[in-house]
There are 2 protein chains.
Amino acid sequence: MSDLQFSGAVLTIDLDAIRANWRRLRDRLGATGCAAVVKADAYGLGVERVAPALADAGCRVFFVAHLDEGVQLRKLLPGAEIHVLNGLLPGSASEFAAHKLVPVLNSLGNIDEWREFGRKGGDAPRADLHIDTGMARLGLPPSEVQILRESPDRLEGMKLRYLMSHLACADEPDHELNQRQLNGLRAAQAWLPALPVSFANSSGIFLGPDYHLDLARPGIALYGGNPTPGQPNPMEQAVRLQGKILQLRDVDTPQTVGYGATHRVAGRGRIATIAVGYADGYLRSLSNAGSGYLGDKRAPVVGRVSMDLITLDVTAIPRKQCAPGNLVDLIGPLNPIDSVAAEAGTIGYEILTSLGSRYRRVYRGGAD
Amino acid sequence: MSDLQFSGAVLTIDLDAIRANWRRLRDRLGATGCAAVVKADAYGLGVERVAPALADAGCRVFFVAHLDEGVQLRKLLPGAEIHVLNGLLPGSASEFAAHKLVPVLNSLGNIDEWREFGRKGGDAPRADLHIDTGMARLGLPPSEVQILRESPDRLEGMKLRYLMSHLACADEPDHELNQRQLNGLRAAQAWLPALPVSFANSSGIFLGPDYHLDLARPGIALYGGNPTPGQPNPMEQAVRLQGKILQLRDVDTPQTVGYGATHRVAGRGRIATIAVGYADGYLRSLSNAGSGYLGDKRAPVVGRVSMDLITLDVTAIPRKQCAPGNLVDLIGPLNPIDSVAAEAGTIGYEILTSLGSRYRRVYRGGAD
């Protein structure tokens, strides 16, 4: 929105890191194809910059959630293969065809509608067939898979692209549901038309080659989230959020800080007020829990996160580092998205998709 | 973004309710002026529509957080009085003057910079003087107030608009900090130049006439949040969020739902998948906690909130009400923002400011 001088925070998005992450996953996948999930505005990082950078790195297949997102992405990448995970809404088939978007068929209703569209002469692109193996969210449930098996003519004449399913617990390698889902997928594969199969999300790629199949579709790992929780993060960080110090305050008598008076400064101390709040996606659950870093020194969030402001205890940090106008890392080398998420009681995905619109956004790198 | 047919959710914003809320507060305030806080894109509801509607209802004084927001609002309301709460950033004085924005002076540094700007011939508008009486966030701390008292020449020649302070616990009428903050403000008032005083936020208006002073600046109450928690809400709801059913799923064997398999359907049941997730601001903390309503029937959120989807248990709801394409109230008459907030473990403010950009937004009412 404004220039750097007057914005309350700077969000730096490293397109080169995102490209490097995609290539790293592609290399790990070997013969398996590597798509990219860019739904939700590329996990909050800006699809208009992220998608072309990924295409430039070699990515040809993209996944979004909504039809709208597919239409937007089609304008950015005229030649890409674009899949829409949320699938058909009643009456939307012609929109998919007009923009050459691949709908994910999630139900018998979807299948029937898509087939009917093709029959009536609609120039239908290929579609994905999504069977549910354990999410109970989207995809054909076992009962509908059974019906489909008994009436294969429902698929007659349809051009299909991928058979797909989605992992529920891929970030827990020892969870018994992983193998069960893989078994379910293979059982369906056995009787369905010979289709390539897409299964693994970011964490699924790290469950081993059994889970790779024909096409993986990573999302969070591209953007620096750790696909192997509890182990070192194999991905590069792609995001840095620096909040600006608005005011530095010496406290010399005991007093409370912020709404609800939830934090008490008992003795002498120093509080820095930063121009970032929950309206910027700095989640309110980081109240009395989050961390800022000035260089390598941690300054804890004290008091509640306000709509437009947070307060940090900078008592232990030299005064000159805390001058108004200076920047504090709210997401950075020492507090990457997964750490911030842990402090907020959520996951890195939500930290990313919550990133606000009032930041000054700076992109690094991109095309070669 | 798209038309209603293909969007995953509809967000309806009732401008008439917002106008009615403002007038209700104005009437309650009597001789005290009633401003409107429209920071953070009017609490997520769209400042481009909300601010003109409030101006049309009679509001003349507006508060934003950031300089950028002030510049944007000035374009919308050329004649309004616009205050910027986060105050001066170093070097920004001329920007304030250029757009006739009233900076809130939060520190001696701010005061000195503003005075210097005026001295050098800058055509400075009036400024507010903000003293901190118990937030420890923005505003002059007691030590700086003392310095100012001993060197009143620092204010010499400055045109000031309001003396202001901000309540920390106004939503808890019995909190002892309220009276203490009022006392602190009055003590400052006694020796400062004869300035009108602005103190009360939404809840502050309901602490009684002592807290009204010259100008109140409500925010959340305008948008339907309850300024009197624990008591009936005196304000009208202004927001309705309706998510679209993508898929209806019969579960006839025991199985788990969603990421991490956190919810188990033990017997027969029915799950509806809705095209709204945490990337739309439906907070992930609503996992296994939130509520949808189909008419007057509650359908609990089961499983984790996904990025683009939630799943509701609709077993108790007639099947025909749950057809794909039907709408479910995620914020509505039976689950207003404060109820959703309670389920999410946060406050209504964060529910509003998190409202996402993928909704189809529909505005009702507006100018007379």
Notebook entry, point to check: In whole angstrom, how far apart do the alpha carbon centroids of segment B:278-351 and segment A:263-337 sit?
Noted result: 32 Å
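Any idea what the relative contact order of chain A is, in percent, if you count C-alpha pairs under 8 Å spaced at least 6 apart?
Computed value for chain A: 19 percent relative contact order.
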Check: According to the square roots a ≥ b ≥ c of the eigenvalues of the Cα gyration tensor, what is the shape class of segment A:16-223, taking rounded for a/c under 1.5, prolate for a/b larger than b/c otherwise, and oblate for the remainder?
Finding: oblate
Note to self: Let's test the formula: R0 of 41 Å, r as the Cβ-Cβ distance of residue A:187 and residue A:334. What FRET efficiency results, to the nearest 0.05?
What the structure shows: 0.30
Note to self: Give me the inter-chain shielding for B:241-251: mean count of other chain Cβ atoms within 10 Å, whole number please.
What the structure shows: 4
Next item on the list: Label segment A:224-281 by shape, choosing from rounded, prolate and oblate, from the square roots a ≥ b ≥ c of the eigenvalues of the Cα gyration tensor; if a/c is under 1.5 it is rounded, and otherwise prolate applies when a/b is larger than b/c, oblate when it is not.
Entry: prolate
Checklist line | Note, ³J(HN,Hα) from phi for segment A:86-98, Karplus 6.51, -1.76, 1.60, rounded to Hz, x at Gly and Pro | finding: 6, x, 6, 9, x, x, 9, 4, 5, 5, 4, 5, 4
Margin query: Above 31 Å lies some portion of the pair distances; for chain B, what is it as a whole percent of all C-alpha pairs?
Written below: 43 percent
Item checked: For segment A:215-226, Karplus couplings with θ = phi - 60° (6.51, -1.76, 1.60), whole Hz, Gly/Pro x -> 8, 9, 9, x, x, 3, 5, 4, 9, x, x, 7
Next item on the list: Over the whole of B:157-167, what's the average partner chain Cβ count within 10 Å per residue? Rounded to a whole number, please.
Entry: 0
Check: Which distances, in nm and shortest first, link the residue B:94 label point to the same label point in every other copy, taking 7 Å along Cα→Cβ?
Finding: 5.7
Check: Which value in nm describes the separation of the simple spin-label points at residue B:326 and residue A:323, placed 7 Å from the Cα toward the beta carbon?
Finding: 6.3 nm
Next item on the list: Anything over 28 Å Cα to Cα? Flag those among B:39/B:159; A:39/A:100; A:100/A:120; A:39/B:320, in the order listed.
Entry: A:39/B:320
Next item on the list: Return the sequence-ordered ³J(HN,Hα) values of segment A:182-193 in whole Hz as given by the Karplus equation 6.51 cos²θ - 1.76 cosθ + 1.60 applied to θ = phi - 60°, using x for Gly and Pro.
Entry: 4, 4, x, 5, 5, 4, 5, 4, 5, 10, 7, x
Notebook entry, point to check: Can you sort B:263, A:99 by how many other beta carbons sit within 10 Å, fewest first?
Noted result: A:99, B:263
Check: Given H placed on each backbone N at 1.01 Å, which residues far from residue A:335 in sequence or on other chains put an amide H within less than 5 Å of it?
Finding: none
Notebook entry, point to check: Give me the Kirkwood hydrodynamic radius of segment A:1-99 in Å, from all C-alpha pairs, to one decimal place?
Noted result: 14.8 Å
Next item on the list: Sort B:360, B:186 so the one with the fewest other Cβ atoms within 10 Å of its own Cβ comes first.
Entry: B:186, B:360
Next item on the list: Measure nothing fancy, just the Cα-based angle from helix B:67-76's long axis to the longest principal axis of chain B, in degrees from 0 to 90, nearest 10.
Entry: 80 degrees
Notebook entry, point to check: GNM, chain B, Cα, under 10 Å: largest mean-square fluctuation among B:336, B:52, B:232?
Noted result: B:232
Check: Using helices alone, what [θ] at 222 nm do you get for chain B, with -39,500 (n - 2.57) per DSSP H run of 4 or more residues, divided over all residues and rounded to the nearest 500?
Finding: -8000 deg cm²/dmol
Notebook entry, point to check: How many percent of all Cα-Cα pairs in the protein assembly as shown sit more than 40 Å apart?
Noted result: 35 percent
Checklist line | Cα principal axis extents for segment B:71-123, largest first, Å | finding: 31, 23, 15
Margin query: Quick check on segment A:290-368: what does the Kirkwood estimate of hydrodynamic radius come out to from the alpha carbon pairs, in Å?
Written below: 14.1 Å
Notebook entry, point to check: Can you give the three extents of the C-alpha atoms in segment A:193-310 along their principal axes, from longest to shortest, in whole Å?
Noted result: 73, 27, 22
Check: Relative to the compact globular guide of 2.2 N^0.38 Å, what is the alpha carbon radius of gyration of segment A:111-190, as a ratio?
Finding: 1.24
Notebook entry, point to check: Using modelled amide H (1.01 Å from N, peptide plane; none on Pro or chain starts), what sits under 5 Å from the amide H of residue A:105, excluding residues fewer than 5 places away?
Noted result: A:128, A:129, A:130
Check: Can you put A:114, B:22 in order, fewest other beta carbons within 10 Å first?
Finding: B:22, A:114
Item checked: Rounded if a/c under 1.5, otherwise prolate or oblate - segment A:248-336, Cα gyration tensor axes -> oblate
Checklist line | Sites residue B:264 and residue A:289, calculated FRET efficiency, Cβ-Cβ separation with R0 25 Å, nearest 0.05 | finding: 0.25
Notebook entry, point to check: Can you tell which of A:273, A:311, A:253 shows the greatest fluctuation in a Gaussian network model of chain A with Cα springs below 10 Å?
Noted result: A:253
Item checked: Fluctuation leader among B:204, B:44, B:79 - chain B, Gaussian network, Cα springs under 10 angstrom -> B:79
Check: Where the label is 7 Å out from Cα toward Cβ, how close does residue B:208 come to the same position in every other copy, in nm, shortest first?
Finding: 7.1
Notebook entry, point to check: Can you list residues whose amide H is under 5 Å from residue A:299's amide H, if they're 5+ apart or on another chain and H is modeled 1.01 Å from N?
Noted result: A:292, A:293, A:294
Check: Taking the Cα-to-Cβ direction at residue B:154 and at residue A:297 and moving 7 Å from each Cα, how far apart do the two end points lie in nm?
Finding: 2.4 nm
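Bear in mind these aren't lab numbers, they're just calculated from the coordinates by the rules spelled out. Every value quoted in this text rests on a predicted model; they were computed, and no experiment measured them. No Cβ is skipped: glycine too gets one built from the backbone with ideal geometry, and neighbour counts run over all protein chains shown.
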